[in-house]
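Peer 1: Dumping the structure here so I can ask a few things about it.
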Ligand SMILES: Nc1nc2c(ncn2[C@@H]2O[C@H](COP(=O)(O)OP(=O)(O)OP(=O)(O)O)[C@@H](O)[C@H]2O)c(=O)[nH]1
């Protein structure tokens, strides 16, 4: 028969079914929905309870019935409750008048460390409606099956330690000792995290005895039905246990059970070595006279005992240890280290470390992993045996050890580049190398000098066809296709864009007899100094003349004559005259002979020997008669040499290899990574080898020759007539300029300010201001005095102290410089005035 009333329904409600109830539903069922059977049981129970109660106890029927209702018409329970509740005995101090918030574990720990807790006094009334919340917070430890049952009944027991309203305490009389002596806040007090002793491990399968709310559904307040159902279930369990226990007192048995549990937990409230937070006042105040042996555990206001007064803890007696304020070790750390670093060794037990399954194996316990050498030790010892180090040499004392490097720091004059000390003259003779010739290409602007040299290099395969095709394409791009061959020599962007040679361009080729160095000079008058620099390095000259109509004539008025005179005044005796662009005049024999006659007359006037002059008709653009015979039918009249044959047959002046080093710097290169300072120039006399110390003049600074390159190949030495590149060390680049003289420090060039010079006059020469050129070396000066006019051939004096020297005359003059220059007898100099060359000559004597 299904229950009809709420009471019946509550009896059949399992805990698990309670989740579906709400307070609203409870209120609705608690109306006057009692059945007749309920009313009859209440009436009979009331009569029996009235009989059992003493007359001294004043209680109303309604109160009796209320109790019967709670105890499911159990008269005996009801009477016990009513006696306890309404007995005239004085009220105990079990309920503090002031409700204070209990001290949490943290606060107790803080108190133990001398930190006052911030207890917040306040009233907190716990009602039956709050039962679930309280129980949830205090009795959820799964290991305390029986304890949880107690918690269900002791609704006034809270973690906060706050006593509840007197009227609402209905079960306190049943378990007062437990309530007063074991606040759950201390339950885990002596249990370090991760080191729960086995006997305190919880049983996960414990049935929930309390109605759950909140997260598990339902109301946050436990329903009355749920509380009654729990109480009924507890009653049934008690009935089973009571049968096997002495029948002295039911509640006492329950309390003893709790005491036994506390003993197992090593909880000694009476022990003087107990937790310092236990106040003595609390020990003096028994909560319930019926169970006076149990003391309440920490009071709300713990008293901090003085450390010095506390006796030393007995190691044998289990005691509650207040945790250190420092954070306990993690499980991982506990497994690794076994225990906290600051825990006393004598307290290390099996509970202080996380037990691992294999730790109980006898083999593991007896194992001593550090008894034998480790694998690393074995390997190291084996290695030590295999490669025994040789006995160390006796080390020098510290003083000797430090003295050795100091000796290396000694300053000496030995160059860092070691010289091979070669006899260069012998090396040169033994080498059997081809004769070497440097020629300068001179002539008026645009007469075809660069084009002619480009043709020569291409025909001699110095420049391959692919490179030439590339140059042609690039020249076509900017509309200067006719300059493609000239670009073989003119390699700077400025020269290519302007179509004009600016500086000396150097290139190399060789024939069967000779290794040639080309010095392509600029034809424009603005670059005469550069032309002079090139001419100063030349053994002979190639004068290029444009055979086109009017070009030859304009050249005579321009740099054709000037260049010829300059090279002659600088010592050049051999001259090859290339009558160029013969294709433009259809290889006219008349034109060629006209030019040859006019130029021959002029050149002989300029002190060139007729037999030292060779005229070659050619066309550089087409390549006719450059390296191969001309095939044009109009040129049948010419049966002479080609240009290359004329070059190869040129006589070369004797080298002054055995004399002291004299090198005219043609160019200075700075900033290379491997070679920070390099110079190039013709060796006028002497030789140089790697490791030599040289002297730069007029800077008067020495340097070491680190390396030598000749025609882009490294060599050990170089001799007069060659134009090497010297890589230097131990000198600042500021001391090296184009035109300076590099010489042997032991036979240095002197610096002079005035000298006697035999000149060939190009213009009228008077005592006058002039610019003095020695190659690229240049200085302001003046013709101070005219000494004499000389015979061109014999050099005899024709006239002393002339007032003027006419063009074409040879004279001896005294030149004075504004600054000192490295000059010596035999040096070729050029005198220029206002951009015109007025004379060139040979330095005779320094004054
Ligand atoms: N028709 C013809 N033109 C030539 C010949 N040689 C050179 N040219 C042209 O003459 C022009 C000038 O030639 P370049 O070689 O630059 O003359 P350059 O004497 O080197 O000039 P600078 O070095 O500036 O003094 C170019 O346009 C050439 O194509 C030739 O044999 N025949």
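Peer 1: Please go through the stretch 695-711 and pick out each residue that is in contact (Cβ under 8 Å) with a residue 24 or more places away in the chain and within 45 Å of the chain's Cα centre (by Cα).
Peer 2: 701, 702, 703, 704, 705, 706, 707, 711
Peer 1: Hey, among 572, 576, 544, which residue is farther than 25 Å from residue 759 by Cβ, assigned by TED's automatic domain parsing to the domain that holds residue 441 and more than 14 Å from the ligand (Cβ to nearest atom)? It would help to see each step written out before you state the result.
Peer 2: Details: 572 fails: farther than 25 Å from residue 759 by Cβ; 544 fails: more than 14 Å from the ligand (Cβ to nearest atom).
Just a single option satisfies the conditions, and that option is 576.
Peer 1: Now, a different point. At least 1 residues that are out of contact with any helix residue (DSSP H, G or I) (no Cβ under 8 Å at 6 or more places or on another chain) and under 23 Å from residue 753 (Cα atoms) in each: list the strands (runs of 3 or more DSSP E) lying fully within the stretch 791-840 that qualify.
Peer 2: Working: elements: 797-800, 810-822, 828-833.
Result: 810-822, 828-833.
Peer 1: Pull up the stretch 519-541, narrow it to residues that are touching a strand residue (DSSP E or B) at 6+ places or on another chain (Cβ under 6 Å) and near the ligand (Cβ under 10 Å from one of its atoms), then point me to the one that is farthest from residue 566 (Cα to Cα).
Peer 2: In this case the residue turns out to be 520.
Peer 1: Tally the residues that are within 25 Å of residue 482 (Cα to Cα) and within 16 Å of the ligand (Cβ to nearest atom), restricting the search to the stretch 630-669.
Peer 2: Of the residues in that region, 8 qualify.
Peer 1: Out of the residues in the stretch 614-628 that are more than 11 Å from the ligand (Cβ to nearest atom) and touching a strand residue (DSSP E or B) at 6+ places or on another chain (Cβ under 6 Å), which is farthest from residue 483 (Cα to Cα)? Show your work before the answer.
Peer 2: Filtering the stretch 614-628 for residues more than 11 Å from the ligand (Cβ to nearest atom) gives 614-616, 627-628.
Next, only the ones that are touching a strand residue (DSSP E or B) at 6+ places or on another chain (Cβ under 6 Å) stay: 614-616.
Working: 614: 27, 615: 24, 616: 22 Å.
Ranking the candidates gives 614 first.
Peer 1: Any residue in the stretch 470-492 that is without any contact (Cβ under 8 Å) to a residue 60 or more places away in the chain sitting within a Cβ distance under 6 Å of a residue that is away from the ligand (no atom under 11 Å from the Cβ)? List the pairs, counting only those 6 or more apart or interchain.
Peer 2: 484/471; 484/472; 487/471; 488/457; 488/463
Peer 1: Then there is this: Condition first: surrounded by 20 or more Cβ atoms within 10 Å (Cβ to Cβ) and in contact with a helix residue (DSSP H, G or I) (Cβ under 6 Å, 6 or more places away or on another chain). Can you find one or more residues in the stretch 719-728 that meet it? Before you say what the answer is, go through the steps one by one.
Peer 2: Narrowing the stretch 719-728 to residues surrounded by 20 or more Cβ atoms within 10 Å (Cβ to Cβ): 719-728.
Okay, now just the ones that are also in contact with a helix residue (DSSP H, G or I) (Cβ under 6 Å, 6 or more places away or on another chain), so 719.
Yes, the stretch 719-728 contains a residue that is surrounded by 20 or more Cβ atoms within 10 Å (Cβ to Cβ) and in contact with a helix residue (DSSP H, G or I) (Cβ under 6 Å, 6 or more places away or on another chain).
Peer 1: Quick one: is residue 762 within 57 Å of the chain's Cα centre (by Cα) and not assigned by TED's automatic domain parsing to the domain that holds residue 688? Talk me through it step by step, then tell me what you get.
Peer 2: Numbers: within 57 Å of the chain's Cα centre (by Cα): no; not assigned by TED's automatic domain parsing to the domain that holds residue 688: yes.
Criteria not met by residue 762.
Peer 1: Now for a separate question. Among the residues of the stretch 547-558, how many are surrounded by fewer than 24 Cβ atoms within 10 Å (Cβ to Cβ) and at pLDDT 85 or above? Quick ask: steps written out before the conclusion?
Peer 2: Applying the first criterion (surrounded by fewer than 24 Cβ atoms within 10 Å (Cβ to Cβ)) to the stretch 547-558 yields 548-554, 556-558.
Narrowing further to those that are at pLDDT 85 or above: 548-554, 556.
Qualifying residue count, the stretch 547-558: 8.
Peer 1: OK, next. Specify the residue that is modelled with the lowest pLDDT; the eligible residues are those in the stretch 408-426 that are exposed (fewer than 10 other Cβ atoms within 10 Å of the Cβ) and not in a loop (DSSP other than H, G, I, E, B).
Peer 2: Step by step, filter the stretch 408-426, then rank; the result is 408.
Peer 1: Shifting gears a bit: At least 1 residues that are over 30 Å from residue 723 (Cα atoms) in each: list the helices (runs of 4 or more DSSP H) lying fully within the stretch 521-635 that qualify. Full working, then the answer.
Peer 2: Working: elements: 528-535, 551-557, 559-569, 589-605.
Once the helices (runs of 4 or more DSSP H) in the stretch 521-635 are filtered for at least 1 residues that are over 30 Å from residue 723 (Cα atoms), what remains is 551-557, 589-605.
The values are calculated or read from the model by the stated rules, or taken from the named source; none is laboratory data. Everything numeric in this text was worked out from a predicted model, so none of it was measured. Glycine gets a Cβ as well: all are built from the backbone with ideal geometry, and neighbour counts include every protein chain shown.
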